[in-house]
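Below you'll find the structure, written out as C-alpha cells, and then a few comments.
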Amino acid sequence: MIRKIFYLLLSFSFLTSCNNDVEDIHTNEKQMRLSEFSFLAKNNNRVLISDIKCNILGDSVIECHIPHIMEHKTLIPNFNTNTGEIIVDGKKILSGITPIDCSRPTNLILTNGENTIKYVLRVKSFTGLPILYINTENGVAITSKDDYVKGSIKIVEDIETRGAGDIFESTMKIKGRGNSTWTFPKKPYKIKFDEKVSLLGEPADKEWVLLANYTDKTSLRNETAFDLGRMSNLEYTNRTHFVDVVLNGVYNGTYQLGEQLKISKNRVNVGDDGFLLEIDSKAEAEDITFKVAHIGYPINIKDPEVKINSEAYNYVVRYLATVDSVLFCDNFKDKENGYAKYIDVNSFVDWYLINEIGKNCDANFFTSCYMNLSREGKLKMGPLWDFDIAFGNINYNAECANTAGYWIRNVSWFRRLFQDPNFEQKVRERFDYFYSKRNDLFNEINANAQYLKYSIIENNYKWNTLYEHTWPNNTIMGSYENEVQELKTWLDKRFEWLNQDL
C-alpha cells in the first residue's frame with residue numbers, strides 16, 4: 001500500500017512537472033510577440049510625410065496603409081518584440097536602422113533561438129490598386145476620339161495585386177473613346193502599342209481600353225456583368241483590372257483597364273475571316289453598316305475592316321439577312337431548317353439572361369449589342385458590353401429602373417424566339433443556373449467594393465461624383481457603402497422577380 005502511494009505521488013509529481021514545462025513553453029511563446037510595428041517619418045524622411053502605425057492581426061499578419069503614392073517601398077521599420085529578434089531573408093534587422101523591401105508581401109520571422117513566429121508584412125500604398133502612369137509627349141492633352149497622341153505608360157502593382165511590386169513600362173499612343181461617356185468630365189481612353197504586350201498578366205495584345213465608369217457611383221456595374229459573363233457559356237468575356245490613373249503627373253481617378261473588343265485568338269476568336277458586329281444606333285457616317293428587316297438600327301461591322309460590296313461584306317450581309325428571314329418564317333421552329341440551323345442558341349440564351357437580369361437599357365438592340373460570326377460556325381451573341389446604366393442606374397426610363405418586368409424579351413428577335421417553347425425552356429433552365437450562383441455574385445461585389453474603398457474616396461476627391469447627381473443616376477445614396485448596398489438590393493429583387501415570373 002505504501003509502495004502504491006509512493007508511485008502515485010511520483011506520477012503526480014512527474015505530470016505536474018510536465019504540465020509546468022508545457023505552461024512554460026506557452027508562456028514563452030505568449031511573451032514572444034510583436035507589441036508594435038510602425039514606420040516613422042523621421043527614419044523615412046524621403047518617402048513618408050507622417051508616421052504610419054501598422055495593425056498586427058493575430059499571429060500572422062502585419063498590415064499597413066500609407067495614404068499617398070509611393071513608387072518605391074524600401075522602408076525602415078520601428079518595432080518592439082519584448083523578447084527575440086526579427087529575421088528577414090536570413091538577416092537580422094534592427095528597429096529604426098535596417099531598411100527592408102516592402103514592395104511585395106514580406107516574411108518576418110520572430111525568434112528567440114528556441115521558438116519562432118512567422119508574420120507576413122503587407123504595406124499598401126495610396127489605395128492599394130495598381131497605379132497606371134500615362135505621360136503624353138510634351139504633356140499635350142488628349143482631346144480626340146479619332147487622333148492618337150504619342151506617350152508612355154508605366155504600371156506599378158501594389159501589394160494586393162496579382163504581381164505585387166511588378167513594374168511595366170513602354171511607349172504607346174492614346175486617344176479618347178466612347179459615345180456619351182466621352183462627353184463627361186472624366187474621360188475614357190483607348191491605348192495602342194506598337195507590339196503586343198501583356199498588361200497585368202492578361203494575354204498579350206496591342207489594344208486596350210480604360211473605362212471611366214463616371215456615371216456609376218459604385219464603379220461595379222460593368223464588372224458585375226462581366227462576372228456573370230465569366231459564369232456563363234459565352235465564349236469570351238472581357239478581362240479587366242481596376243487601376244488608379246495618373247495622367248501627366250496629375251491623379252485622374254479610378255479606372256477599369258480592360259481588353260479592346262476585337263477579333264483575335266485570345267479575344268473574339270472567330271478566325272482570320274470571321275466578323276465582330278454591333279447593333280449600333282450611334283454608328284457614324286464612315287462606319288460600314290447594313291440593316292435587316294426586323295432590327296430597327298444599323299448593324300456595324302466592327303472588325304475586320306471591309307469595303308461595301310466586297311466578298312466579306314456581302315457574306316455577312318447575306319448571313320444576317322438569312323437569320324432574320326428564317327427566324328420570322330412560318331417553320332422557324334423546325335429543328336433541321338429553322339433558326340437553330342443559323343444561330344448558336346446557347347449564346348443567345350446566356351446573352352439574353354445577363355442583359356435581362358441587369359435590365360440593361362441599351363441592350364434592347366439599341367447600341368453596344370455585339371454579335372460574332374465565324375465562317376465555319378453559326379451567329380453568336382456577345383461579347384457583353386456597356387452596363388454602366390444597367391442594374392437600376394437610370395433615371396430617364398422608369399421601366400429600366402424597375403426590378404419588375406421584362407426589357408430585352410420585348411426586342412424583335414427575342415420576342416420571336418420566345419414563341420418557341422424549346423427556347424423558353426432553355427432560358428428557364430439557364431436562369432436556374434444563374435439564380436443558384438447569385439451568392440457567388442454578391443460575394444464578388446462585396447470583394448470588389450472592399451478592394452475599391454480607398455480608390456473611390458480619392459476618385460470622389462477628384463470628380464465630386466459620390467454625393468452629387470451625375471447623369472443618369474436614379475438615386476444618390478449618401479455614401480459608397482450605401483451605393484453598393486443599393487446595387488445589391490436592386491439585383492436581389494431582380495433575381496427574385498425573374499425567379500417567380502420566368
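The values are calculated or read from the model by the stated rules, or taken from the named source; none is laboratory data. For clarity, every value in this text was computed on a predicted model and none was experimentally measured. Positions of Cβ are backbone-derived with ideal geometry, glycine not excepted, and every protein chain shown enters the neighbour counts.
Could you say whether any residue in the stretch 472-480 is touching a Gly at 6+ places or on another chain (Cβ under 9 Å) and either within 30 Å of Gly249 (Cα to Cα) or not assigned by TED's automatic domain parsing to the domain that holds Val250 (or both)?
yes
Just one residue in the set Thr322, Thr367 is modelled with pLDDT of 95 or more, within 16 Å of Ile295 (Cβ to Cβ), assigned by TED's automatic domain parsing to the domain that holds Arg416 and in contact with a Ser or Thr (Cβ under 7 Å, 6 or more places away or on another chain); that residue is Thr367.
Within the stretch 329-348, residues that are in contact (Cβ under 8 Å) with a residue 60 or more places away in the chain reach partners that are of a type in the set (Ser, Thr, Tyr) with beta carbons closer than 6 Å, at six or more positions or on different chains, in the pairs Phe332/Tyr339.
Where strands (runs of 3 or more DSSP E) fall wholly inside the stretch 65-163, the ranges with 3 or more residues that are under 24 Å from Val209 (Cα atoms) are 131-136, 149-156.
With the condition kept exactly as written, say whether any residue in the stretch 327-334 is aromatic (Phe, Trp, Tyr), crowded, with 21+ Cβ neighbours inside 10 Å and under 20 Å from Gln425 (Cα atoms). Checking the stretch 327-334: not a single residue is aromatic (Phe, Trp, Tyr), crowded, with 21+ Cβ neighbours inside 10 Å and under 20 Å from Gln425 (Cα atoms).
For the stretch 34-52, give me each residue that is in contact with an Asp or Glu (Cβ under 8 Å, 6 or more places away or on another chain) and in contact (Cβ under 8 Å) with a residue 12 or more places away in the chain. Residues satisfying the conditions are Ser38, Phe39, Leu40. Filtering the stretch 244-261 for residues that are crowded, with 20+ Cβ neighbours inside 10 Å and in a loop (DSSP other than H, G, I, E, B) leaves a non-empty set. For the stretch 401-420, the count of residues that are among the hydroxyl-bearing types (Ser, Thr, Tyr), under 18 Å from Arg221 (Cβ atoms) and modelled with pLDDT of 95 or more is nonzero. Regarding Asn395, is this residue under 23 Å from the mean Cα position of the chain (by Cα), assigned by TED's automatic domain parsing to the domain that holds Lys488 and surrounded by fewer than 20 Cβ atoms within 10 Å (Cβ to Cβ)? No; evaluated as a whole, the condition is false for this residue.
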